[in-house]
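Everything on this sheet refers to the single structure shown next.
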Amino acid sequence: MPDLPHIRPMQEADLAAVLAIQARCYAGDIPESAQAFLSKLQASPATCFVATRGQQLAGYLLALPVTPPDLPALDARHYRVPEQPDCLYLHDLAVDPAARSQGTGQRLIGQFWTTARQLALPRTLLIAIQGSAPFWARHGFCPEPATSAALYQKLASYGAGAQLMGACPLPD
């Protein structure tokens with residue numbers, strides 16, 4: 001197995017490479033604009049990460065402190081962290097197809113869990129899209145019901161089959 005990628009905080013200078021990875025990973029209307037990425041990165045730089053191999057970006061993870069049901073909309077051009085967030089929301093993870101099966105996604109998700117513990121927020125959430133719920137289930141997430149009209153509408157904005165997921169409870 002090749003050396004594991006290095007995980008570091010995302011920087012504004014990474015946005016062109018992040019957008020290129022996004023374009024290689026998502027189909028349809030999912031891609032977000034540079035302005036949407038920049039807004040989220042500026043709102044919470046301590047929860048956004050990239051994976052590198054040498055000088056090349058191999059993947060990224062964008063997470064945001066939130067207060068459900070107020071999750072960031074897809075391609076939201078403006079985002080502000082709430083004053084008292086109670087959840088770390090994994091908004092986006094993408095691994096360059098050339099870097100898959102090399103531990104990149106696993107390392108980024110590991111950084112997400114580390115950050116969630118450091119922030120001591122009581123919940124984690126994500127919206128699984130494009131049939132990715134089984135992937136997220138392998139990484140500690142379980143389906144959660146949309147408990148409000150606002151969450152239901154948010155899910156619908158991510159396309160057919162979007163699934164709200166949260167951290168699975170630990171076994172007793």
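The numbers here are math on the coordinates, done by the rules we state, and not lab data. Because the structure is a prediction, the values reported are computed rather than measured. All Cβ positions, glycine included, derive from the backbone under ideal geometry; neighbour counts span all protein chains shown.
This ranking places Tyr152, Tyr89, Tyr158 by how few other beta-carbon atoms lie within 10 Å of each, fewest first, which gives Tyr152, Tyr158, Tyr89. Assign one of three labels to the chain, namely rounded, prolate or oblate, based on the Cα gyration tensor with a ≥ b ≥ c the square roots of its eigenvalues; rounded applies when a/c is under 1.5, prolate when it is not and a/b is larger than b/c, and oblate otherwise. Since a/c stays below 1.5, the shape of the chain is classed as rounded.
Share of antiparallel DSSP beta bridges in the chain, in percent to the nearest 5? Of the beta bridges lying entirely in the chain, close to 85 percent run antiparallel. Computed extension length for His6-Ala150: 48.1 nm, one decimal, from 0.36 nm per residue of separation with the Cα-Cα distance subtracted. The alpha carbon centroids of region 3-54 and region 114-172 are separated by 20 Å.
First check a/c for region 80-141, with a ≥ b ≥ c the square roots of the eigenvalues of its C-alpha gyration tensor; if it is under 1.5, answer rounded, and if not, answer prolate when a/b is larger than b/c or oblate otherwise. Prolate.
Placing +1 on the Cβ of each Lys and Arg and -1 on the Cβ of each Asp and Glu in region 68-113, which of Thr104, Cys87, Pro68 has its Cα farthest towards the positive end of the resulting dipole? Among Thr104, Cys87, Pro68, the one farthest towards the positive end of the dipole of region 68-113 is Thr104. Amide H contacts for Tyr26 (H built 1.01 Å from N in the peptide plane; partners 5 or more residues away or on another chain; cut-off under 5 Å): none found.
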